[in-house]
Amino acid sequence: MAKPITYCTRCVMPETKPDLFIDSQGVCNACRSFESRAEVDWDVRRSELEAILERYRSRDGSSYDCVVPVSGGKDSTYQVLRLLELGANPLCVTATTDSLSDIGRRNIENLKRRGVDYVEVTTNPVVRRRVNRLALTQVGDISWPEHVAIFTIPIRIAVQFGVPLVVWGENSQHEYGGPAGAAESNTLTRRWLEEFGGLLGLRVSDLAGREGIERRHLIQYTYPTDEDLARVGVTGLFLGYYLPWDGYGNALYAQAHGMETYHKPVEGSIVNYENLDNHQTGIHDYFKFLKYGFGRATDLACLHVRRGRISREDAVRLVKEHDGRFPWEYLGRGLEDILAEIDMTLEEFVRVCDRFTNKRLFRTDARGELIRDAHGNLTRLNDDNVAAPSEDEARLELSTDAA
Ligand SMILES: [Zn+2]
């Protein structure tokens with residue numbers, strides 16, 4: 001008999017999330033960290049932010065005050081709006097997504113119209129498709145090249161334009177302000193970025209020599225050298241450390257400034273205001289579900305439960321209904337079309353899914369094979385905490401075993 005999945009008793013995150021810790025009271029570290037935000041003096045943090053922006057401001061207006069990585073989504077639109085309100089002159093930089101949607105493109109154009117200079121870097125799409133395929137089959141993450149490029153490209157631009165300060169959005173991993181706010185080291189090191197990036201053990205240098213990929217195809221996926229970073233003094237900060245950060249609030253603010261949302265909750269999610277710019281995201285989220293037993297619906301339900309916008313009971317219900325659905329389509333494009341771009345058939349995709357599925361988290365039949373419904377969906381062992389068996393039940397189980 002498989003061991004049931006334990007969930008945080010305050011939100012709905014399962015213990016299987018990497019780096020999640022559930023304490024003796026049944027509460028996860030993300031909920032604890034959210035709790036501690038109540039003690040933050042946001043006025044002090046805002047003054048700190050203003051002081052940092054002042055320190056890095058281009059005095060004579062001959063250069064930009066900061067580089068801002070943007071996608072046109074809710075958070076980056078909010079970042080840009082806030083920086084403009086604070087009087088900064090940002091250079092906005094987009095690393096084009098793996099498979100840009102129409103709504104994603106419109107939101108980029110909307111962001112530009114807020115009144116900013118803007119650079120978009122698109123990596124060779126022929127090579128990108130090969131890397132998507134390689135990363136999906138090797139480490140079960142189709143979005144691996146995107147995760148690399150959204151970090152390397154803004155830093156390369158910062159070096160190229162000689163702009164030291166890079167303003168990121170939120171750091172979900174650590175509750176700190178980033179190197180620009182640190183007392184001692186305020187240089188953004190390669191190591192700091194590599195730790196932050198979450199590259200699943202696959203290195204960019206591993207790609208050269210495979211599938212016709214050469215070193216010259218990987219320039220934009222490579223961090224600038226330590227010498228270049230030091231020469232410009234590249235450093236970074238997370239705006240989410242300095243300003244109260246709420247994805248839903250950011251979405252409302254961005255929407256009031258022209259950002260478009262989807263006409264229904266995004267497939268596999270419970271909201272319509274995020275992850276609108278890449279058709280491959282549905283596959284990315286599905287693999288997270290196969291590996292760890294939770295997907296995007298769980299992430300979002302947790303954020304809303306912590307902020308008191310939905311009850312935990314409703315969150316459990318919404319997650320059960322929406323999380324980890326087989327990704328037949330994303331942002332209206334069919335799975336087979338999305339797969340054709342990376343030269344993969346549906347049958348091949350299903351085989352790759354199976355290889356990365358943690359079978360201890362899902363229902364299986366007597367032969368240990370995964371059970372799927374008519375739509376190809378798996379069922380998690382349990383969607384909420386299972387009560388420990390009472391003494392009577394335990395005794396009954398023992399006597400059945402004995403028989
Ligand atoms: Zn929690």
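Summary of values
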{"item": "Subset tally (residues that are under 18 Å from the mean Cα position of the chain (by Cα) and either at pLDDT below 95 or not hydrophobic (A, V, I, L, M, F, W, C) (or both)) for the range 262-280", "result": "12"}
{"item": "Which numbered condition SER71 misses (of (1) under 30 Å from THR357 (Cβ atoms); (2) within 16 Å of the ligand (Cβ to nearest atom); (3) touching a helix residue (DSSP H, G or I) at 6+ places or on another chain (Cβ under 8 Å))", "result": "(2)"}
{"item": "Residue that is more than 28 Å from THR261 (Cβ to Cβ) and modelled with pLDDT of 95 or more, where the choices are GLY115, GLY87, GLY104, GLY72", "result": "GLY87"}
{"item": "Output for the range 304-322, where each listed residue is touching a helix residue (DSSP H, G or I) at 6+ places or on another chain (Cβ under 6 Å) and within 16 Å of the ligand (Cβ to nearest atom)", "result": "VAL305, ARG306, ILE310, ARG312, ALA315, LEU318, VAL319"}
{"item": "Residue in the range 10-31 that is over 30 Å from ARG363 (Cβ atoms), surrounded by fewer than 17 Cβ atoms within 10 Å (Cβ to Cβ) and free of Cβ contacts under 8 Å to residues at least 12 places away in the same chain present", "result": "no"}
{"item": "Hits in the range 221-230 - residues which are touching a residue at least 24 places away in the same chain (Cβ under 8 Å) and either surrounded by fewer than 18 Cβ atoms within 10 Å (Cβ to Cβ) or charged (D, E, K, R) (or both)", "result": "THR222, ASP226, ASP228, ALA230"}
{"item": "The range 295-318, subset within 14 Å of PHE34 (Cα to Cα) and of a type in the set (A, V, I, L, M), residue modelled with the highest pLDDT", "result": "VAL305"}
{"item": "Residues that are surrounded by fewer than 16 Cβ atoms within 10 Å (Cβ to Cβ) and assigned to a helix (DSSP H, G or I), drawn from the range 231-251", "result": "ARG231, GLY249"}
{"item": "Residue within the range 75-91 that is within 16 Å of the ligand (Cβ to nearest atom), under 30 Å from GLY282 (Cα atoms), surrounded by 18 or more Cβ atoms within 10 Å (Cβ to Cβ) and free of Cβ contacts under 8 Å to residues at least 40 places away in the same chain present", "result": "no"}
{"item": "Residues of the range 22-35 classified as within 13 Å of the ligand (Cβ to nearest atom) and either among the small types (Gly, Ala, Ser) or closer than 22 Å to GLY240 by Cα (or both), total", "result": "9"}
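The values are calculated or read from the model by the stated rules, or taken from the named source; none is laboratory data. Just so you know, these numbers come straight off a predicted model, no measurement behind them. Virtual Cβ from ideal backbone geometry, glycine too; neighbours counted across all protein chains shown.
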